Structures are given as C-alpha cells and as structure tokens.
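What follows is a single structure, written as structure tokens, with notes after it.
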Amino acid sequence: MSDAVRLIEVKEEIHADNERVAQGLRSQLGQQKTFLLNLMSSPGAGKTRTILKTIDTLRDRFRFGVLEADIDSTVDADLVAARGISAVQLRTGGFCHLDASMVAKGLAALDLSALDVVVIENVGNLVCPAEFDTGAVRNVMILSVPEGDDKPLKYPLMFTVSDVLLVNKIDYMALSDFDLQRMRERVLRLNPRIQIFEISAKTGQGFDQWAAWLSREVSSFIGPVSNALTGSALPPAQH
Amino acid sequence: MHELQITERILDIVLKHASGQDVSKIVRIHLRIGALSDLEDEWIQHYFDYLSRGTVAENAHLAIKRGPAVLCCQSCSCSFEVKREELGNAQCPECGEPSVELVAGREYLIENMEVL
C-alpha cells in the first residue's frame, strides 16, 4: 500500500444542496401562485407586530398565512392564529435560522391553494438567517430605531441579501440619537438596490408605501388575484 | 452559530468524494470561505473532530482560507477587494462612486482534499 498523499478535487459548494431545494420551492410556489416572503430581524425589532399590521393593511387584497420560526415557543404563532390567520409554528429546536427544507415542511402544513402570500417570520437573529436561502421570493429585514444606526457595519451580509429594509419604531426617533441619513448611506453602500421604508408597526406610519411595494411584488408573482375575499373566488380545488 | 450544520455538510461531501477512491485516510481538507461568513474556524474544526470519529476523515485538518469580499462598481464596472469592516464605507477606487455591489465573499467551497 502506498502512503503517498494524493489530492482529490472536490470543488463543491457547501450550500449547493440548500440552494437546489430553495430553487425547487420557488418554482413550485410560482406554479401554485403563492408568494413567499422571508422576514428577518434581531429579536424584539417588531417582526410579529409588523406582520400583523401588514396583514391588516392588505387583507382585503390577499389571503395571508404565516410560518413562525422560534427556537422553542409558540407565543408568536398563538398571537397570529388568534387573529384568524393561518399560522404554523416551526420549532427549530436550537437552530439559529431556517433553511429551505425546514420551510418546505412548514408549507406542507398549510393549504397553499387558499393562500396568496405566506410570510416566514425567521428566527430573531441578524447573522445566520442571512446565509440560508429559504426559497422565499423576496427577503425583507427590519432594523428598529432602538438597535442603532451602526448595524449595517456589524451585520453586513444581512443588509446585502435583503430586498427591503423596514426601519421600524420610527415613532421612537425623538428619543434616540439614531442618524437616519448615516444609516441610509451605510446600507446603500452595501446594497444599492435595497428599498428602504420607514415604518411604525405601532402607529401604522409608513405602512401605505410598504404595503404598496408588497402588493406590486405579490401581484407580479401570482398574477391577477381572483378576488377571493369577495366570494367570487375560483371554484374549490378538486380533490 | 450554525457551525455544526455546516460541518455536517462538509463531512458528508468529503466522505462522498472519498468513497470508491481507495482512501484509507483523509489528511487535510482545503476550504475557501468568504469574508462575509461569521463562522469561527476553530469551532468548525472542533465539531469536525467530533463528527468524523470512526470515519476515514477522523483527525483530518481543515485548512480554511478566507476569500476576500469583492465589490463591483455600479458606475464604471471595475471590481475591487475590500476588508469586511470597510464594507459599509466602501467606494470605487477608480471613480469614487459609492454605489457598489457585492460579487464575492459569501462562498463556502470545498476545494480539494489530501488523502492517503
């Protein structure tokens, strides 16, 4: 037996499997006409409240479902379900993020034929969720004013992968030294294409513009809505 | 924070490539990880040592090379490297344009491995 060291070429991307699953999920959602939105932020930035307010703003236009990811609790899913919105809780059991396979499992528990939009509330964390494609059509992140305007410097990847930045708790601005202009410059240098909306999930400020963006994105992905909410929906799917 | 999951993938991939190649031992695995990754090299090795016990990859050393963050200027299309901590303040060295797009720095690539 030779003990000479040989070199084996591998050239494999570690995330390739997840990306395959994510691409598959996106094309499946395209066929089913369900828009999947991945919402990311640190803990306490206001994800659940932003989701509820967004649904309140758009519930006459689209039928919403929510996938709630938490390391170990059901409090957010309970809150969403209490409003009569379809919600699935994904307990990640210690995992710091969701990947495409976990999302696919969660979606399987929802009746997608009855939903136009599913919002993923990702695990509260500005680091890990940024590295994993969930299969979502768009990535949206929240930075809340009390967190500070330096976060783009500390967590650059999250700002790089997001299509939209929601600057939440804008009503808190008067009590803070958060510099909006400086934050905006930092974010746009990381990601010149990102859309930035200033909102308050508490007062509803800024939701018109954010909801208008989301409506356009959903409509262009799922096509004309069958006006499900006025009773003139497509006939029930045949089983 | 997700070093364990990444390490499991590394082990799966190297064992797949070793199988059927008459490999008695994997000595060293060369990885290239982008500058934007927040993974700790030390923890990846630590988890790898644990997960690889009893396989041909046991005791393999992970040689991790950090790939640079590469930006592309939106105005003149030139590409340039920046340090991770300079990302939020980067501007094009050619034309001074602040609007730049990340083109590399997120990769997790297993390049090759040295085996016996």
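Each reported figure results from applying straightforward, stated rules to the coordinates on display, with no laboratory input. Since we're looking at a predicted model, the values are computed, not measured. Virtual Cβ from ideal backbone geometry, glycine too; neighbours counted across all protein chains shown.
Across bins of 10 angstrom width beginning at 0, how are the C-alpha pair distances of chain B distributed, in whole percent?
Percent of Cα pairs in each bin: 14, 37, 22, 17, 9, 1.
Can you give the mean number of other chain Cβ atoms that lie within 10 Å of the Cβ atoms in peptide A:7-20?
Mean inter-chain Cβ contacts per residue within 10 Å come to 6.
Roughly how crowded by other chains is peptide B:12-18, in terms of the mean Cβ count from those chains within 10 Å of each of its Cβ atoms?
Mean inter-chain Cβ contacts per residue within 10 Å come to 3.
Semi-axes, largest first, in whole Å: what does sqrt of 5 times each Cα gyration tensor eigenvalue give for the range A:1-40?
Over the Cα atoms of the range A:1-40, the ellipsoid semi-axes are 41, 11, 5 Å.
Take chain A, connect every pair of alpha-carbon atoms lying under 10 Å apart with a spring to form a Gaussian network, then pick out the residue of A:LEU126, A:LEU98, A:LEU79 with the largest mean-square fluctuation.
Largest GNM mean-square fluctuation: A:LEU79.
Which distance in nm do the two modelled labels at B:GLU85 and B:GLU101 give, with both placed 7 Å along the Cα-to-Cβ direction?
Once both label points are built, they end up 2.9 nm from each other.
Just check chain A against the gyration tensor rule for me: Cα atoms, a ≥ b ≥ c as the square roots of the eigenvalues, rounded for a/c under 1.5, and otherwise prolate or oblate depending on whether a/b exceeds b/c.
oblate
Compute the long axis of helix B:41-51 from its Cα atoms, compare it with the longest principal axis of the Cα atoms of chain B, and write down the angle in degrees, 0 to 90, nearest 10.
30
Which whole-number percent gives the relative contact order of the range A:28-136, counting Cα pairs below 8 Å spaced six or more residues apart?
Normalised by residue count, the contact order of the range A:28-136 is 42 percent.
Run through every distinct alpha carbon pair of the range A:100-147 and return the Kirkwood hydrodynamic radius in angstroms, one decimal place.
12.5
Given the range B:61-116, what whole percent of its Cα pairs are spread farther than 16 Å?
Tail of P(r) above 16 Å: 48 percent of Cα pairs.
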